[in-house]
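The block underneath contains the structure these notes are about, expressed in structure tokens.
Each value in this text was obtained by applying a stated rule to the coordinates, not by laboratory testing. The structure presented is a predicted model; accordingly, all values stated were derived computationally and were not measured. Ideal geometry is used to build each Cβ from the backbone, glycine not excepted, and the neighbour counts take in all protein chains shown.
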Ligand code: SAM
Ligand code: SF4
């Protein structure tokens with residue numbers, strides 16, 4: 001696998017004279033996720049505490065700096081960009097960045113520009129995303145019940161999200177629903193979710209809760225529901241056929257024969273997907289995380305901002321990739337919760 005991934009990346013990148021980003025385990029880095037803001041208009045209970053402190057605004061990269069960072073990664077062989085957050089669509093003037101990055105789709109340097117969103121701002125922005133060249137988006141939705149939605153997101157408006165999803169469909173965007181599997185919360189809704197996604201033509205991915213950041217009074221041991229159990233429940237009702245479809249991410253996909261819909265499972269705690277990892281994550285303050293589940297990072301902000309900084313942005317990126325670890329160290333202890341990663345998912349964007 002490693003060798004074919006490497007070869008494909010080399011073929012695509014050899015059209016340019018710039019050496020590609022290859023990590024110490026011969027994985028080509030072709031996917032960048034960018035958290036454009038760590039702020040959010042929701043407070044999902046598994047993601048954040050209600051009372052969050054956010055990164056200082058002075059440290060947050062401007063949209064022009066984000067464009068420069070993303071464009072440098074594209075020049076170095078990144079073929080897929082995902083804007084995420086926090087909630088990416090609450091960042092002021094975010095559509096400027098989306099349109100600006102769209103030029104790399106037009107030039108053929110980028111295969112895909114996409115967004116992960118909670119859907120709250122889609123009513124306003126879905127058409128603009130499509131105009132900029134976005135074809136597919138991920139929308140996070142953990143329940144189809146309004147009262148449960150209010151509970152899990154704390155601040156979210158279910159009807160607004162539904163209108164946003166409708167707007168995205170009208171704009172021609174393909175939708176994948178991301179649903180975090182939560183014990184005693186949505187374990188009774190998985191069949192409804194499969195039916196709803198099947199009827200609407202949406203792909204569906206279930207995600208296991210990951211131990212990232214302090215979430216106040218909630219504990220993730222209470223929330224953790226292994227996807228092996230969820231999948232067993234699904235099999236009691238649906239016929240799942242494994243497919244070789246991949247989106248470049250860690251999810252493996254099955255087809256639900258009864259609906260024709262595709263269903264994916266992201267199981268970072270029970271299944272190691274690191275061997276094919278092609279991605280790195282940039283925060284809104286210019287910190288590059290080479291692995292979602294490790295502490296090691298590289299600070300790119302000085303190379304971006306300070307013209308007298310001794311190292312170019314390209315050199316800083318290459319040095320960071322040379323430190324990409326082989327895999328993550330997540331774990332949820334059965335008796336005692338372990339929180340190995342002290343940053344929230346909203347900082348690195350998942
Ligand atoms: N706000 C956007 C959204 O919710 O889609 C984008 C950022 S959010 C951090 C990205 C994804 O991470 C969402 O699908 C969310 O459900 C998931 N997520 C957040 N915290 C998580 C955690 N601790 N474990 C697993 N998934 C998590
Ligand atoms: Fe916000 Fe997304 Fe985290 Fe929910 S999961 S609080 S929408 S960043």
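Here the contact order of the chain, divided by its residue count and restricted to Cα pairs under 8 Å and six or more residues apart, works out to 21 percent. Adding -39500 (n - 2.57) for every DSSP H run of four residues or longer, then dividing by how many residues the chain holds, sets the calculated 222 nm ellipticity at -9500 deg cm²/dmol. The value for the range 64-175 of Rg(Cα) / (2.2 N^0.38 Å) is 1.11. The equivalent ellipsoid of the chain has semi-axes of 30, 22, 22 Å, largest first, where each one is the square root of 5 times an eigenvalue of the Cα gyration tensor. Over 5 Å intervals from 0, what percent of Cα-Cα pairs in the range 27-103 sits in each interval? Result returned by the calculation: 3, 14, 24, 23, 16, 12, 7, 2. Taking every DSSP bridge with both residues inside the chain, close to 30 percent are antiparallel.
The label-point distance for residue 111 and residue 99, in a model that sets each label 7 Å from Cα toward Cβ, rounds to 2.8 nm.
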